[in-house]
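Here's the structure, in structure tokens; my notes come after.
The values are calculated or read from the model by the stated rules, or taken from the named source; none is laboratory data. Since the structure is predicted, the reported quantities are computational estimates derived from the model, not experimental observations. Here Cβ is always computed from backbone atoms with ideal geometry, including for glycine, and neighbour counts include all displayed protein chains. Heavy atoms of the whole protein, side chains included, go into the accessibility calculation; ligands, DNA and RNA do not. Shrake-Rupley method; radii C 1.70, N 1.55, O 1.52, S 1.80 Å.
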Amino acid sequence: MFGYIWEYVYTSFLRYWLKWLIRQVTGTCELQRICSGHKPGAARTTKAEYSLQSSKNKVLRGALETTKDSLEQCVDQIMKVKNIKPAKDPKFKESLHICLLQITGYSSLYTSVEDLRKEVFSSDNPEHEAMLLKLWDLLMPTVKLESRITKQWGDIGFQGEDPKTDFRGMGLLGLINLVFFSENYTAEARQVLSHANHPKLGYSYAIVGINLTEMAYSLLKSGALKPHFYNTVQGTPELHHFHQLYCYLAYEFDKFWVAEEPESIMQFNQYREKFHNIIRTHLQDPGVCLTLTVGSKN
């Protein structure tokens with residue numbers, strides 16, 4: 001209770017006067033001190049985001065919802081409101097612009113990911129079907145698929161004879177992630193599939209992949225992935241950056257599963273939660289960078 005009271009008093013009263021006092025002493029506003037006092041990355045962008053959110057000025061708060069095309073004008077407005085002279089602080093404009101690209105880009109990325117998640121896989125859509133068949137060819141290049149509806153799909157970890165039923169939870173997003181990993185990290189994806197088909201330590205490759213897509217989506221939605229993207233993308237994060245994160249999760253989960261040697265696939269939820277907690281712990285590190293370091297084709 002005391003913590004909540006202190007937070008309210010600090011954010012509502014003390015913070016404003018503390019900022020005013022420091023500005024009188026240093027001659028710089030809080031955003032200037034953040035941009036000049038931190039290297040590009042999560043530490044700087046997270047503090048800038050908090051500063052803008054906490055501001056009583058509608059121009060500063062509105063910057064968090066500005067479109068990419070209007071960001072430069074928005075930065076100019078902020079500099080005018082805060083009386084920041086480019087001649088005295090020549091690096092500020094570029095630094096704040098990058099921060100805003102990352103902040104607003106994260107929101108745009110979530111919207112794009114959500115759109116793919118909502119898109120239902122359709123057997124009547126030639127592009128969807130081509131993507132599914134491409135996944136098979138990438139993972140099983142020496143084995144011909146006998147027909148579109150077949151038990152062979154179980155060889156790459158789908159539950160039934162028609163994979164479309166397994167995409168219900170994550171929609172097209174689940175399939176796109178599976179294909180992206182297989183296309184850009186083909187050797188690693190096939191290695192993971194071989195582990196998944198182990199007679200004792202095996203698991204359903206595609207189903208687990210879709211499950212890891214849900215993990216990535218949930219982390220994105222909660223904002224937990226902000227430090228990762230703020231550290232790895234010096235600008236606007238795009239869909240391919242999200243797919244790259246999935247590749248990291250798919251590869252690292254396989255290493256984790258093999259190392260843990262679960263007694264049965266029935267323990268999947270237990271180990272999935274343990275892996276999830278490991279990832280969340282990594283994301284608490286301001287310098288976090290969840291990037292797959294093995295060779296990519298791109």
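Quick notes on this one:
- Any chance Glu188 is in contact with a Phe, Trp or Tyr (Cβ under 7 Å, 6 or more places away or on another chain) and either in contact (Cβ under 8 Å) with a residue 12 or more places away in the chain or aromatic (Phe, Trp, Tyr) (or both): yes
- Flag for Thr45 being in a helix (DSSP H, G or I), more than 19 Å from Asn83 (Cβ to Cβ) and at pLDDT 95 or above: yes
- Candidate set: segment 159-182, residues that are in a loop (DSSP other than H, G, I, E, B) and under 25 Å from the mean Cα position of the chain (by Cα); chosen: the one surrounded by the fewest Cβ atoms within 10 Å (Cβ to Cβ): Arg168
- Glu72 fulfils the conditions (1) open to solvent by less than 10 Å² (accessible area, probe 1.4 Å); (2) over 24 Å from the mean Cα position of the chain (by Cα); (3) within 15 Å of Gly235 (Cα to Cα) except for a single criterion, (1).
- Residues located in segment 58-69, provided they are in a helix (DSSP H, G or I) and loosely packed, with under 13 Cβ neighbours inside 10 Å: Lys58, Glu65, Asp69
- Wholly enclosed helices (runs of 4 or more DSSP H) of segment 189-298 bearing at least 1 residues among the aliphatic types (A, V, I, L, M): 205-222, 239-260, 268-282
- Check on Ile84, open to solvent by less than 20 Å² (accessible area, probe 1.4 Å) and part of a loop (DSSP other than H, G, I, E, B): yes
- Complete set of residues in segment 184-219 that are basic (Lys, Arg) and in contact with an Asp or Glu (Cβ under 8 Å, 6 or more places away or on another chain): none
- The condition (being of a type in the set (Asp, Glu), over 16 Å from Phe256 (Cβ atoms) and modelled with pLDDT of 95 or more) is satisfied by just one residue among Glu183, Glu188: Glu183.
- Any hit, segment 44-51, residues being surrounded by fewer than 18 Cβ atoms within 10 Å (Cβ to Cβ) and more than 25 Å from the chain's Cα centre (by Cα): no
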